[in-house]
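Step one of this worksheet: look at the structure below.
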Amino acid sequence: MPIKKIFLYCLLSILFLSTAACSHDTNSKTSNNKENQQVTKEEKENAKYATVVKEKNSELDLEPITLTNYSEKVGATLSNPKYKTFAVNKELEIAGKIEKHELLKEKYVWVKVSSLDVIDSNTVQEYYIPIKNGQFSNKIHFYNGEGKYSVNIMLPATDRENYYYDLSTFEVINVNPIKQRDIAYTPFAQEAHLTLDNIKSGFILGKELITVAGTIETQTSFKNIMIEVKKDSNQWKHEIPIKNGKFSYEVPLFYGKGIHQINVLVPDQNRENYYQYGTTLFVDNQSTRTMKPIEYFRTYEERGITLETPQFGGDRTKLSYHIKGQIDPNAKLANETSHIYIKTKKGNDEALDIIPVTHFSFDDSIYLRFGPGEYEVSINVPEIKKEKSNYFRYFSVASFTVENTENEDKRDLLPSRGIPSDNPKIINLAKKLTKNKKNNLDKAKAIYEYTAKTISYDVAKFKNNEFEWDDNALKTLKLKTGVCQDYAYLAGALLRASNIEARVITGKAGTGFLKENHAWIEAKINGKWLTMDPTWGAGYVQNDKFVAKYTDKYFQPKMTEFNKTHLRDKVEY
């Protein structure tokens, strides 16, 4: 290749590389320029307000700040601020020194900041600045943005605890419109090393729920903190468990649109079951929805319950409702608590559901079986007792309301306590028993006959009160024995699985003057309630032994005769 051409090729290559390098430099400069522009914008803002501060202070008669006589008693001085009235840009550092700090009964300087433009006692900002080796220092901001503020500095007393004397009061003019509410901690919170991890400002926006999470000193014996929600005259409190020094809770903003005050309280180290205010947040709820607080009872804490779902009352749902929670393994009777009871009530109608507890957790849904409307729901823990009995007692831990939007009343078709009519085994058996039956009356008769002929009466269970919380149709089907409730559970489950409305009736029964507790079934056939008692249809007890002797006398019996031996009390769900 000729020399000239080689030189030209090299020159072009050099030019290309130079162009590429210039292009890369240009991008870097563009990126840096954006950052510089951003920094410059912030700097310009600060410079603008710094100029306003300078101008404002030049207009003011900057008189030196004055201290009370108490300052001489404890040797207190302020290094900042220096004037009675002055202007600032967004923040102010308060700093000082106390020579005789060892005489003070408390370890904090108390500072109160009040807006002079918006007079509202709820928005006063308070700070507790630690005194360390006689010195204190803290930056404060201004929750109402631009405007005038009164700042009062107070020092602890030397002669009594929890008492403060004025050191100085001065006026601050904030020229910056940015509203900034600090998260300030009380002495109780600082002693407990309370810190909110997920919230950086004392005033935030929220919608229906706001998560409050943080840490607390793990060396303390604290088990709970307390959350308090206030708006106008409304107030709600709830204890939140602390686990490994951490806590987290979604706090409902119950009271609709507007500002909710949320107080975080820490346990008093010197008084049991007593809490002290730790810090305060203000949340501006953007939602117009109002919710009803859950009512918690003392047993809630005693039995170590933590209800995760629901978080508030007044919810709306269609037919079923989800309930979820945990039990503290170290709580009283936690190991013995194998289930919880859920009672639902609508008017005069009541139902009792059972949710099992597995590995100290419960998670299941219940039916709102009595049609549309508002229900009262209570969550209950069982009484733990050694002796056996044919009844169950329980204690309320929480209660709330919920609205069912389902239009139909399905109380006698839905699965219920003891009647798992949606279980595949029950459904398959029901299909087998009612196959080729012409109508619901024939289906009901087949179910009655099967139950009465298949299940033997358990005399020992009746005499020894061997009733269990998990007695149900599946258990009866497996054991092939039971008492009246077990006959009723099985027949009821098979009827409902066959799409026949059925209900358990409780009352008294017997041939003599004294009658025993008893249960039987009513099934709705062709729009009318039909009575059946598969227990009495199975046979009888003689000399404490069951004698199997099937009879259909107690399927659709003559009610005049039936009522002579059976006293109907109520429907039980």
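General remarks:
- Among the residues of segment 218-267, the ones that are part of a loop (DSSP other than H, G, I, E, B) and of a type in the set (D, E, K, R) come to 3 in all.
- From 369, 411, residue being within 25 Å of residue 519 (Cα to Cα) and either surrounded by fewer than 20 Cβ atoms within 10 Å (Cβ to Cβ) or without any contact (Cβ under 8 Å) to a residue 40 or more places away in the chain (or both): 411
- Unmet criterion (only one of (1) modelled with pLDDT of 95 or more; (2) farther than 20 Å from residue 474 by Cα; (3) charged (D, E, K, R)) for residue 533: (2)
- Among (1) modelled with pLDDT of 95 or more; (2) closer than 18 Å to residue 396 by Cα - the single one residue 229 does not satisfy: (2)
- Only a single criterion out of (1) assigned by TED's automatic domain parsing to the domain that holds residue 156; (2) at pLDDT 95 or above is not satisfied by residue 118, namely (2).
- Checking 225, 153, 199 one by one, the residue that is outside the structural domain of residue 274 (by TED's automatic domain parsing), surrounded by 15 or more Cβ atoms within 10 Å (Cβ to Cβ) and of a type outside the set (Phe, Trp, Tyr) is 153 and no other.
- Pair list, Cβ under 6 Å, 6 or more apart: segment 297-313 residue over 12 Å from residue 238 (Cβ atoms), other residue at pLDDT below 95 and of a type in the set (Gly, Ala, Ser): 303/331; 304/331
- Failed condition for residue 214, given (1) under 19 Å from residue 296 (Cα atoms); (2) touching a Leu at 6+ places or on another chain (Cβ under 7 Å); (3) not β-branched (Val, Ile, Thr): (1)
- The listed residues are 277, 255, and the only one of them that is of a type in the set (Phe, Trp, Tyr) and touching a residue at least 60 places away in the same chain (Cβ under 8 Å) turns out to be 277.
- Residue match in segment 262-271 (condition: modelled with pLDDT of 95 or more and among the polar types (S, T, N, Q)): yes
- Selection status of residue 126, of a type outside the set (Ser, Thr, Tyr) and under 24 Å from residue 261 (Cβ atoms): yes
- Selection of segment 185-196 for residues being touching a helix residue (DSSP H, G or I) at 6+ places or on another chain (Cβ under 9 Å) and buried (at least 18 other Cβ atoms within 10 Å of the Cβ) yields only 194.
- Of all residues in segment 197-213, those satisfying the criterion of being assigned to a strand (DSSP E or B) and over 16 Å from the mean Cα position of the chain (by Cα) are 203, 204, 205, 206.
- In segment 332-351, residue nearest to residue 377 (Cα to Cα) [restricted to those that are crowded, with 19+ Cβ neighbours inside 10 Å and of a type in the set (A, V, I, L, M, F, W, C)]: 342
- Only one entry in 423, 436, 465 is surrounded by fewer than 19 Cβ atoms within 10 Å (Cβ to Cβ), on the phi > 0 side of the Ramachandran plot and in contact (Cβ under 8 Å) with a residue 40 or more places away in the chain, namely 465.
- Out of 216, 210, one residue alone is β-branched (Val, Ile, Thr) and modelled with pLDDT under 95. It is 216.
- Residue in segment 382-397 that is of a type in the set (Asp, Glu) and assigned to a strand (DSSP E or B) present: no
- Considering residues of segment 400-419 that are part of a loop (DSSP other than H, G, I, E, B) and touching a helix residue (DSSP H, G or I) at 6+ places or on another chain (Cβ under 6 Å) only, the residue nearest to residue 452 (Cα to Cα): 418
- Criterion: more than 20 Å from residue 299 (Cβ to Cβ) and in contact (Cβ under 8 Å) with a residue 12 or more places away in the chain - qualifying residue of 260, 238: 260
Here is a yes/no grid of residues against (1) touching a Leu at 6+ places or on another chain (Cβ under 9 Å); (2) assigned to a loop (DSSP other than H, G, I, E, B); (3) modelled with pLDDT under 95; (4) surrounded by 12 or more Cβ atoms within 10 Å (Cβ to Cβ):
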position: 46; (1), (2), (3), (4): no, no, yes, yes
position: 53; (1), (2), (3), (4): no, no, no, yes
position: 67; (1), (2), (3), (4): yes, yes, no, yes
position: 72; (1), (2), (3), (4): no, no, no, no
position: 78; (1), (2), (3), (4): yes, no, no, yes
position: 93; (1), (2), (3), (4): no, no, no, yes
position: 97; (1), (2), (3), (4): yes, no, no, yes
position: 105; (1), (2), (3), (4): no, yes, no, yes
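- Applying the criterion of being more than 17 Å from residue 356 (Cα to Cα) and polar (S, T, N, Q) to the residues of segment 379-400, the residue that is surrounded by the most Cβ atoms within 10 Å (Cβ to Cβ) is 399.
- Contacts under 6 angstrom Cβ, first residue in segment 65-91 being over 15 Å from residue 175 (Cβ atoms), partner polar (S, T, N, Q) and assigned to a strand (DSSP E or B), 6 or more apart: 65/168; 67/168
- Among the candidates 161, 126, 171, 146, the residue that is within 30 Å of residue 51 (Cβ to Cβ), under 39 Å from the mean Cα position of the chain (by Cα), among the acidic types (Asp, Glu) and surrounded by fewer than 19 Cβ atoms within 10 Å (Cβ to Cβ) is uniquely 146.
- Test for residue 474: is it assigned to a helix (DSSP H, G or I), assigned by TED's automatic domain parsing to the domain that holds residue 445, at pLDDT 95 or above and in contact with a helix residue (DSSP H, G or I) (Cβ under 9 Å, 6 or more places away or on another chain): yes
- Close pairs (6 angstrom Cβ cut-off, 6 or more residues apart or separate chains): at positive phi in segment 536-556, part of a loop (DSSP other than H, G, I, E, B) and of a type in the set (D, E, K, R) anywhere: 539/549
The values are calculated or read from the model by the stated rules, or taken from the named source; none is laboratory data. Since the structure is predicted, the reported quantities are computational estimates derived from the model, not experimental observations. We place every Cβ from the backbone using ideal geometry, glycine too, and count neighbours over all the protein chains shown.
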